[in-house]
Amino acid sequence: EFKNIKIDSSSRMVYLDNNPIDLTSKEFDLLNILVKNKNIALTREKLLELVWGYEYYGDTRTVDMHIQKLRSKLNLEEDIVTVHKYGYRLVIK
């Protein structure tokens, strides 16, 4: 749990203010990786590797789009920080 968000890994559910939030499988996986690596900057390539797997040959813009959706759905605009020309960091105090 952090802020007003609760993550239930066993049921793969996320709650915002105790209300269930509908995340796609990849959005959930991405959020989970960010939380496990809180306050650590991760490259887009590392996020692609961890969430989509080694076989994913798509564009790193996929990560950007999923980050944008997570920010919007969970009100994390200030908490998921863009690290210029590198990747992203979830800031949890």
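The values are calculated or read from the model by the stated rules, or taken from the named source; none is laboratory data. These numbers come from a predicted model, not from an experiment. Quick reminder, even Gly has a Cβ in these numbers, built from the backbone with ideal geometry, and neighbours come from all protein chains shown. Only protein heavy atoms, including side chains, enter the accessible area calculation; ligands, DNA and RNA are left aside. Shrake-Rupley method; radii C 1.70, N 1.55, O 1.52, S 1.80 Å.
Listed values, structure above:
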{"read-out": "Condition check for ARG44: open to solvent by 40 Å² or more (accessible area, probe 1.4 Å) and touching a Gly at 6+ places or on another chain (Cβ under 6 Å)", "value": "yes"}
{"read-out": "Enumeration of residues in region 13-35 that are touching a His at 6+ places or on another chain (Cβ under 8 Å) and open to solvent by less than 30 Å² (accessible area, probe 1.4 Å)", "value": "GLU27, LEU30"}
{"read-out": "Residue list for region 5-19, filter: assigned to a loop (DSSP other than H, G, I, E, B) and within 13 Å of LYS73 (Cβ to Cβ)", "value": "ASP17"}
{"read-out": "The one condition in (1) at pLDDT 95 or above; (2) touching a Leu at 6+ places or on another chain (Cβ under 7 Å); (3) not hydroxyl-bearing (Ser, Thr, Tyr) that ASN19 fails to fulfil", "value": "(2)"}
{"read-out": "Single unsatisfied condition, THR60 versus (1) surrounded by 17 or more Cβ atoms within 10 Å (Cβ to Cβ); (2) among the β-branched types (Val, Ile, Thr); (3) out of contact with any strand residue (DSSP E or B) (no Cβ under 8 Å at 6 or more places or on another chain)", "value": "(1)"}
{"read-out": "Scope region 5-28; condition touching a strand residue (DSSP E or B) at 6+ places or on another chain (Cβ under 6 Å) and either within 21 Å of ASP64 (Cα to Cα) or touching a residue at least 40 places away in the same chain (Cβ under 8 Å) (or both); matching residues", "value": "ILE5, VAL14, LEU16, ILE21, LEU23"}
{"read-out": "Residues of region 71-81 classified as of a type in the set (Val, Ile, Thr) and more than 12 Å from the chain's Cα centre (by Cα), total", "value": "0"}
{"read-out": "Selection within region 40-64 - modelled with pLDDT under 95 and among the aliphatic types (A, V, I, L, M)", "value": "LEU47, LEU48, LEU50, VAL51, VAL63"}
